[in-house]
2 protein chains.
Amino acid sequence: MSLDHAAQKPHDRLAAALAVEMDGVNTLIRERMASKHAPRIPEVTAHLVEAGGKRLRPMLTLAAAKLCGYDGPFHVHLAATVEFIHTATLLHDDVVDESEQRRGRPTANLLWDNTSSVLVGDYLFARSFQLMTETGSLDVLRILSNASATIAEGEVLQLTAARDLATTEEIYLQVVRGKTAALFSAAMEVGGVIAGRDAAMIRALYDYGDALGVGFQIVDDLLDYAGTDATGKNIGDDFRERKLTLPVIKAVALADDTERAFWVRTIEKGKQDDGDLETALSILDKHKTLEATKIEAISWTEKAKAALAPLPEHPIKGMLIDLADYVVARVR
Amino acid sequence: MSLDHAAQKPHDRLAAALAVEMDGVNTLIRERMASKHAPRIPEVTAHLVEAGGKRLRPMLTLAAAKLCGYDGPFHVHLAATVEFIHTATLLHDDVVDESEQRRGRPTANLLWDNTSSVLVGDYLFARSFQLMTETGSLDVLRILSNASATIAEGEVLQLTAARDLATTEEIYLQVVRGKTAALFSAAMEVGGVIAGRDAAMIRALYDYGDALGVGFQIVDDLLDYAGTDATGKNIGDDFRERKLTLPVIKAVALADDTERAFWVRTIEKGKQDDGDLETALSILDKHKTLEATKIEAISWTEKAKAALAPLPEHPIKGMLIDLADYVVARVR
């Protein structure tokens, strides 16, 4: 551990507190991503899994299990499961979005091809269910198969809602729940379930994960317009890909005729010219929707912190509270 | 039931014997392919699920359960599970193969887009695990998650082995086990597991499904060169897509220098001209590899029939034997 805890980011402190368990998770991931017959599988998986992601989701599972006093071996399986589901989703997302970069590196679909990304994603998804089965908990299987269905449903909803200016904040929230919050909440929940905790405590874990996930995704969408180089995001990706996210949905609701025509042309029809991103940013600025989006993100992370109240006092609990604060601290 | 059993195809007789259960499966499939938020999901699924496929795989599960005297409700869940896994695989396969036709109709990736096929496949896969979880059987979850991993592994192996003239019959068999036999064997096995039968009987069900699946796929690959319009296959699809299947693998092994140069040009390099398919067929004819492939298919279906020996006498058992014979009867 570092000598200066206060200066560390909350997920680094969580990682330090859970270092032994996380080593176990990484070992298990490497073991299970192997394939006797198809070396392409570990190649593609390693490219993504070892690209230095923050392992935030498996860390939530380990944190929830530790906070609940679990002392068995299966939180490691569940954390690896969660990371496999996440990785499978990323592989398929990058195909769907035709992405070329992920975590600052070329995507698997670019380095290999779409078909490898689709099939390796399927493999990891199947592997994740093998891992779950080993825990012997049908509750875990129910929670994570439900989450997987919600994730896919959210992605399909995003696909059909994309480029549609009629998308409401309610639909946006459903998409966000699917693409991000469903796995955050399930990751927390299974940590409590495997520890055999009661319904109220499991509900608290779920609520924290859900609100943290929604806040996290809103901030992510905000950084796409308000980020800096330090956040590792390319400003305007969502605009160029014509994705309707909260800052724009709020601006469309407040648009005058000229602005509406601008959104119709750039988002619905996709006819974008030089300078359009700057115009978009100035419209968001005029209606102060970046500020409004930030306030909404904060309300979710506050909700996440409040959800932790029924849980026992524990150093991990403080770190989860700090993690929620840190999610919005990424936005200046 | 028809008045003339002998004239009916074995899978029609199985379908008649299992009509009540199959109605239950179809109802459950329609119920579970629904999505409150994303109507695209049932649209895409219905296109494929209601396209008049033979429902062979779910029928195997129902047949195995009935043969084992199962009288609970969960064979219906398992049959729907198996059909969902199969449908998800087809959706992803058509993306991977860039197919334009499936069961005589345009594919989902053509009617909608690749992204819908990827995401709806993911949704059905998640749904299938929800259905399995409802059966409360961890053995079922283990078997079907293993099968799912084997399927994806086989597809990746096929991808990397494709167009490679060094592909051996052994590799071909591994690919076939993944793409077809893994789900056939698991479909049979879970029918026995849910009925609580002993290891020997479950092994017999597995062996029948495995051998039937291998035989079925070999015949399918054979029909791609030896089929007629009645089989609904376009002759030469595999050749044009440069897939190495058993008839060609056997011919490559026997090729003289001129023939080898032909295979290198057409399959490895993909430089195909008018008349190349005819040349390919004449080479297969010269080495009699279509006959050799048929003999191999028959040896697998004989193995399937032999595997049924330990199972109790039952009308369903006779139908499964006839089904194995029918698989090779498709080839004249």
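Read-outs throughout are calculated quantities, based only on the coordinates presented, and are distinct from any laboratory measurement. This structure is a prediction, so every number in the text was calculated from the model and none was measured. Reconstructed Cβ throughout: ideal geometry from the backbone, glycine too, with neighbour counts over all protein chains shown.
Under the simplified labelling scheme, the B:Asp113-A:Glu313 pair shows an inter-label distance of 5.4 nm, with each label point 7 Å from Cα along Cα→Cβ. In the protein assembly as shown, helical runs assigned H by DSSP with n ≥ 4 each contribute -39500 (n - 2.57); averaged across all residues and rounded to the nearest 500, the mean residue ellipticity at 222 nm is -22000 deg cm²/dmol. The same position B:Thr27 in the other copies lies at 5.1 nm from this copy, comparing label points 7 Å beyond Cα toward the beta-carbon, shortest first.
Only Cα pairs under 8 Å and 6+ residues apart enter the sum, and on that basis the relative contact order of the stretch A:115-181 stands at 30 percent.
The mean number of partner chain beta-carbon atoms within 10 angstrom of a residue's beta-carbon across peptide A:35-42 is 6. Each Lys or Arg adds one and each Asp or Glu subtracts one; over the other residues with Cβ under 11 Å from the Cβ of B:Thr89, this totals -3. Applied to the stretch A:160-167, the Karplus parametrisation 6.51 cos²θ - 1.76 cosθ + 1.60 on θ = phi - 60° returns per-residue 3J(HN,Hα) values of 7, 7, 4, 6, 9, 5, 7, 4 Hz, with x for Gly and Pro. Fewest-first ordering of B:Tyr326, A:Tyr225, A:Tyr123 by other beta carbons within 10 Å of each residue's beta carbon gives B:Tyr326, A:Tyr225, A:Tyr123. Only Cα pairs under 8 Å and 6+ residues apart enter the sum, and on that basis the relative contact order of chain B stands at 19 percent. Derived scalar couplings between HN and Hα for the stretch A:59-64 equal 5, 4, 5, 4, 5, 4 Hz in order, rounded to whole Hz, by the Karplus curve 6.51 cos²θ - 1.76 cosθ + 1.60 (θ = phi - 60°), x for Gly and Pro. Per residue of peptide B:152-164, the mean number of Cβ atoms on other chains within 10 Å of the residue Cβ is 6. Summing charges over all other residues whose Cβ lies under 14 Å from the Cβ of B:Val214, with Lys and Arg as +1 and Asp and Glu as -1, gives -3. GNM remark for chain B: springs join alpha carbons under 10 Å apart, and the peak mean-square fluctuation among B:Asp94, B:Asp71, B:Asp207 falls on B:Asp71.
Counting Cβ atoms of other protein chains within 10 Å of each Cβ in B:87-99 and taking the mean gives 2.
The spacing between the stretch A:177-229 and the stretch B:109-156, judged by their C-alpha centroids, is 24 Å.
How would the protein assembly as shown be classified by its alpha-carbon gyration tensor: rounded, prolate or oblate, with rounded meaning a/c under 1.5 and the a/b versus b/c comparison settling the rest? It is prolate, given that a/c is not under 1.5 and a/b is the larger ratio. Which residues in the stretch B:93-126 place their backbone N less than 20 Å from a point set 7 Å from the Cα of A:Arg242 along the Cα-to-Cβ direction? Under 20 Å, as judged by backbone N against the label point of A:Arg242, lie B:109-119 of the stretch B:93-126.
FRET efficiency for B:Ala329 and A:Lys271, Cβ-Cβ distance as r, R0 = 56 Å, nearest 0.05? It comes out at approximately 0.45. Sorted shortest first, the distances from the A:Asp325 label point to those of the same residue in the other copies are 7.8 nm; each point sits 7 Å from Cα along Cα-to-Cβ. Model label sites at B:Glu31 and B:Glu169, defined 7 Å from Cα along the beta-carbon direction, differ in position by 4.8 nm.
Within the listed set B:Lys54, B:Lys288, B:Lys36, the residue fluctuating most in the Gaussian network model of chain B (springs between alpha-carbon atoms under 10 angstrom) is B:Lys36.
Between this copy and the others, label points of A:Lys286 are 7.5 nm apart in ascending order, each placed 7 angstrom from Cα in the Cβ direction.
Other residues lying with their Cβ under 15 Å from the Cβ of B:Gly72 contribute a combined charge of -2, Lys and Arg counting +1, Asp and Glu -1.
Across the stretch A:9-329, Cα-Cα pairs farther apart than 31 Å form 32% of the total. Relative to the globular-protein estimate of 2.2 N^0.38 Å, the Cα radius of gyration of the stretch B:22-119 stands at 1.14.
In terms of other Cβ atoms within 10 Å, B:Val140, B:Val49 run from fewest to most in the order B:Val49, B:Val140.
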